[in-house]
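Please read through the structure below; I'll follow up with questions.
Quick note: the coordinates plus some simple rules give every number you see, no bench work behind them. Here the structure is a predicted model, which is why all the values come from computation and not from measurement. Glycine also receives a Cβ, built like all others from the backbone with ideal geometry; neighbour counts cover every protein chain displayed.
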Amino acid sequence: MSDVAVVGFAQTPSVRRTTGTTNGVEMLVPIFQEVLGGLGLSTPDIGFWCSGSSDYLAGRAFSFVSAVDAIGAFPPITESHVEMDAAWALYEAWVKIRTGEVDTALVYGFGKSSAGHLRRVLALQLDPYLVTPLWPDSVGLAGIQARLGIESGLWSERAMAEVVARSRSDARANPLAQLSGEVDVEDLLAQPYLADPLRAHDCAPITDGAATIVLASGDRARELCERPAWITGIDHRVDSPSLGGRDLTTSPSTVAAGKAAGADGVSVAELHAPFSHQEILLRQALGLGDEVGVNPSGGTLCGNPMFAAGLARIGEAARRVLDGEAERVLGHATSGPLLQQNLVCVMEGRD
Amino acid sequence: MTKPLSAPLEVGFDYTRSLGPTLSRFMTALRQRRVTGVRGSDGRVHVPPAEYDPVTAEPLTEVVDVASTGVVRSWSWAAEPLEGQPLDRPFAWALVLLDGADTALLHAVDAGSPDRMRTGMRVRVRWADDRVGAITDIACFEPSDEPALEPLDDDGDPVTMITSPVRLHYRHTASAEESSFLRGLAEGRLLGQRCPACGKVYLPPRPACPTDGVPTAEEVELPDHGTVTTFCIVNVPFLGQRITPPYVAAYVLLDGADIAFLHLVLGCAADEVRMGMRVEAVWKPREEWGPTLQNIDHFRPTGEPDAPYDTYSQHL
Amino acid sequence: MAKQQAAVVGTGQTHHAAKRLDVSMAGLCREAVDRAMADAGVDWPDIDAVVVGKAPDLFEGVMMPELFLADALGANGKPLLRVHTAGSVGGTTANVAASLVQAGVHRRVLAVAFEKQSESNAMWALSVPIPFTMPVHAGAGGYFAPHVRSYIRRAGAPEHIGAMVAVKDRRNGARNPHAHLRQPDITLESVRASKMLWDPIRYDETCPSSDGACAIVLSDEPTSGAAAWIHATALRTEPTTFAGRDQVNPQAGRDAAAALWKQAGITNPLAQVDVAEIYVPFSWFEPMWLENLGFTDEGQGWKLTEAGETEIGGRLPVNPSGGVLSSNPIGASGMLRFAEAARQVMGRAGDHQVDGARTALGHAYGGGSQFFAMWVVGSERAGVR
């Protein structure tokens, strides 16, 4: 089987509200031009297209259909779509390349969270008979998880604030971040609760945005890119949806995916943690030590474009390899309530 | 570029969900002020019930009664309740492990203040007065060491369905290109745009030309007459219909446009409409105009000779 | 390097009905899944990954329902993918599941597709009034009826062809115990007497609205004797509307078919394919897709139908299961086509078995005839003839 690498990545700025449509076209047109232009490719050069997005984020059926307009998909293209974060579209594209049918793929995800009330929309991801009728919101649920970890001694409100301070500080180097700046941990801890024990800064912002990655195999990757980020392992798993039946202080699906993807030995990890305590949880699940730089982009706490944020984590991690800054990196994506589903992608440079 | 138009988009529906045997028993018991769970393959009692075992995926059918009292495993404070949530005053979301259960149930606790909440506290079910066989029959939990209200047997039929209202509120935004088209309509003008790559004229204009992936740009004002490319005669009544059937829904290709759009053709018997028929817009009274294609009430025949098939065959 | 061969080793489907009020969504899926696993002779530990397909989430009012279904789908601790490509999704899901085996990533994959339309109202979900958008005033069939008219004009097809397809598919459906509509006594006269809903489409030429599910077990090796080996898969997409788009004979469908036949080593589809399960939600789409798929030249598809060649016993039996015209659980409809094609070459199609079927087509399309998914399955491994 042919090796597959990330050869290009582009993303929009993470912003609180775009003026564009919910089908993402306005966000996708420029990043397609950026990523393809950077590689000297055009639409017909891409063997497979795959996207991730959500109808409920847009508030209407088939919202992904118009996104295809941004491609200029005529002559027709080979294309698929997942109703998941686009990190899983990347997985599908990786599989497609591994079959040998194509040697390039473009993956994209987009979301305009500002169109609806995200905390309520996400209640529709819960059990429709037993849980959704209560309309639990995503922040309230995360608060329950955060407290479990705090009271088990796995993390603390201070440790969570430290994650936020580090993320915002790191995001100063990321011009596309929605939030950034130097913040003091004591000041953060003095803030009021949003959903005790969570404060507003513990929660990812509401973000509109999109991201895209180009994958290529073997020689094609070497041809397109000086230092491809070779995918040495990629795996994803899901846990039970039962909120009161699974241990919310860990993530068996992350542990298993990390093991299968070979998380050991990475120097940089971009973790898709929409809440500060989840970064700590994921770090523990993946066994990442203090020597691993986590979320140097600022991570999801500084910009959370739903259905693109997981793909962007893989892109941000890959970029460290593409730029020659790192040898071996990890990108993680999550989907569903309270880290129910997780994907780990390990990449490395080969000099 | 003009600022895009936006408007509220309401998505609301009362979903009707059939329950199947396992959930049906749970919901029927709730109506009787009883909480039940199911025994899992490993002996654990799942509350709320799991239809299929989380470990073995086997169907679970052994119903186990549990208490309406229990202990809080974890919680968060909802200072500003949202639409649809169990209480309209501040409350706690909590995972409650009911006595006799091995998994915790998510619900609200009416504690009044976060100061009254702690992990490990005892709570009991506050039953809703009017119970229908739904998770909301548990109005919420309340801090208490006392038992909850006694079960109230009824001889009603088993609960087999629930109704789940979904009410979501969005703000829908038109693209900048479509917005200029809509603003043109408000003035009685039909403003298309040409794709800078392929030169085709799109009406409405597009944020991305579907064949080239670039926004349409150069404005092209189009006349309000054109050709019916194809059509159907609608004979079926349906929800939200505006006109009494039969009537014609037709693709109209305006002169100078490279793409047709669907509209109504009236002003002649439905069976007189033909592919190739020449039609013109019948506008509503000016005072009713807004940023919508509905300013054109319908199209009607112009009486001109039909357009030759070749002039529109590539638009079918 | 040649890719790993993959085969369907088991299929299962629910009884399809307008309202399956006896089951939950999980129960509906499991009815199909349990049958597929029994057909394949496999158990949960044998399954490496699960792929779920479903049309818009608004139909059931659950965002990404595969998440709450993870227990029921035996997916916990395993990879779970959710595909959504509109009406073609059941077919795309099967293709994605096949690629997981073909890429050597997994040995055995469970693919599941479902729709429980009775949870809401598909007409509603598809017609939530979107601001600034012109209401079409036409309803569900109103989108496709004008294109059917275009086909009739272009091909010069006689008016009774649509009714002929309806009679054939509904009679075939009567042989299929899972079918939603089973009408052994339907006649050309009764179809032509049924109400003209969206002229030129009559009531009896229209698919029903169904609750239902379908499941397929794919494997790198046979598990239960018979296997349907996947000889080719194809996916193609084009935009919903664009200047000069051919909406009768879309390029995406033609391209997908050309790629499919080439991959399968088929040079004369009409001669080399024994049976086809084609996504025909309105009867006229049979001749339209026969042309689009390259079974006939353009404008000639209706002649194959008129000559009775698409009946069981004809040169190319089309939809011996009764097809979408007999059962339409939207998200599952495409996978049903793919599964029924597999059943044929496995010799497990029961009363609608086409004698000696060795090579079969499964076909699905969606959106405004813009998403296409197809596969060719055979009773022998690819390359063996």
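Check cross-link reach from A:Lys96 to the lysines: straight Cα distance under 22 Å, and skip same-chain residues fewer than eight apart.
Here the lysines satisfying the reach criterion relative to A:Lys96 are C:Lys3, C:Lys54, C:Lys78, C:Lys262.
Quick one: C:Ser369, C:Ser327, fewest Cβ neighbours within 10 Å first, how do they rank? Could you put the intermediate results ahead of the total?
Values: C:Ser369 26, C:Ser327 29.
Arranged by neighbour count, lowest to highest, C:Ser369, C:Ser327 become C:Ser369, C:Ser327.
Given a Förster distance of 45 angstrom, what is the FRET efficiency for C:Glu298 paired with A:Thr19, based on the Cβ-Cβ distance and rounded to 0.05?
Details: r = 44 Å, r/R0 = 0.98.
Efficiency, rounded to the nearest 0.05: 0.55.
By how many degrees, 0 to 90 and rounded to 10, does the Cα axis of helix B:176-186 deviate from the longest principal axis of chain B?
Helix B:176-186 sits roughly 60 degrees off the main axis of chain B.
Under the 0.36 nm per residue contour assumption, what length would be gained going from the current alpha-carbon distance of B:Ser41 and B:Glu80 to full extension?
Details: separation 39, 0.36 × 39 = 14.04 nm, distance 3.98 nm.
Residue separation times 0.36 nm, minus the Cα-Cα distance, leaves 10.1 nm.
Quick check: the angle from helix A:25-39's long axis to the longest principal axis of chain A, C-alpha only, nearest 10 degrees?
60 degrees
Could you check the simple spin-label distance between C:Lys19 and B:Glu58, using points 7 Å along Cα→Cβ, in nm with one decimal?
For the pair C:Lys19/B:Glu58, the computed spacing is 3.4 nm.
Let me ask you something else. Based on the mean of other Cβ atoms within 10 Å per residue, sort peptides C:143-153, C:87-97 so the most packed one is first.
Working: C:143-153: 23.3, C:87-97: 31.8.
Put in order of decreasing packing, that is C:87-97, C:143-153.
Let me ask another. Could you compute the FRET efficiency for C:Val384 and C:Asp43, with r as their C-beta to C-beta distance and R0 at 45 Å, rounded to 0.05? Intermediate results must be reported in sequence, preceding the final value.
Numbers: r = 29 Å, r/R0 = 0.65.
Using R0 = 45 Å, I get an efficiency of 0.95.
I would also like to ask the following. Over all directions, the average projected area of the alpha-carbon convex hull for region C:302-374 comes to how many nm²? Numbers along the way, then the final one.
Working: hull surface 21.1 nm².
Mean shadow area of the hull around the Cα atoms is 5.3 nm².
If a/c stays under 1.5 just call it rounded; otherwise compare a/b with b/c (prolate if a/b is bigger, oblate if not). Do that for chain A, with a ≥ b ≥ c from the square roots of the Cα gyration tensor eigenvalues.
Working: a/c = 1.62, a/b = 1.35, b/c = 1.20.
Here chain A falls in the prolate category.
Report the full-extension gain for the segment B:Thr119 to B:Arg274: residue separation times 0.36 nm, less the Cα-Cα distance, to one decimal in nm.
Answer, rounded to one decimal: 48.4 nm.
How big is region C:247-385 by the Kirkwood estimate over distinct Cα pairs, in Å? Mind showing how you got there, number by number?
Working: mean 1/r = 0.0681 Å⁻¹.
One over the average 1/r among Cα pairs gives 14.7 Å for region C:247-385.
While we're on this one: Arrange the following residues from fewest to most other Cβ atoms within 10 Å of their Cβ: B:Asp258, A:Asp69, B:Asp14, C:Asp46. All intermediate terms of the calculation are to be shown ahead of the outcome.
Values: B:Asp258 21, A:Asp69 25, B:Asp14 11, C:Asp46 15.
Listing B:Asp258, A:Asp69, B:Asp14, C:Asp46 from fewest to most nearby Cβ atoms yields B:Asp14, C:Asp46, B:Asp258, A:Asp69.
Tell me, what is the FRET efficiency for C:Arg348 and C:Glu189 to the nearest 0.05, using R0 = 35 angstrom and their Cβ-Cβ distance as r? All intermediate terms of the calculation are to be shown ahead of the outcome.
On the way: r = 35 Å, r/R0 = 0.99.
After rounding to 0.05, the efficiency reads 0.50.
Once label points are set 7 Å from the Cα along Cα→Cβ at both B:Glu221 and C:Ala258, what is their separation, rounded to one decimal in nm?
Going by the 7 Å Cα→Cβ label model, 4.3 nm.
Can you put A:Thr22, A:Thr232 in order of Cβ neighbours within 10 angstrom, beginning with the fewest?
Numbers: A:Thr22 30, A:Thr232 17.
Least to most surrounded, the residues fall as A:Thr232, A:Thr22.
Looking at the square roots a ≥ b ≥ c of the eigenvalues of the Cα gyration tensor of region C:233-315, which shape do they give, rounded for a/c under 1.5, prolate if a/b is larger than b/c, or oblate? All intermediate terms of the calculation are to be shown ahead of the outcome.
Values: a/c = 2.07, a/b = 1.30, b/c = 1.60.
Judged from the Cα gyration tensor, region C:233-315 comes out oblate (a/c at least 1.5, b/c at or above a/b).
Cα to Cα, under 14 Å, and not fewer than 8 places away if on the same chain: which aspartates and glutamates meet these conditions relative to C:Lys116?
Cα-Cα hits under 14 Å: C:Asp22, C:Glu31, C:Asp57, C:Glu60, C:Glu66, C:Asp211.
Does anyone have the angle between helix B:20-31 and the longest principal axis of chain B? Alpha-carbon axes, 0 to 90°, nearest 10?
60 degrees
Obtain the nm distance between the two label points defined at A:Ala159 and B:Arg89 by a simple spin-label model: each point lies 7 Å from its Cα along the Cα-to-C-beta direction.
3.7 nm
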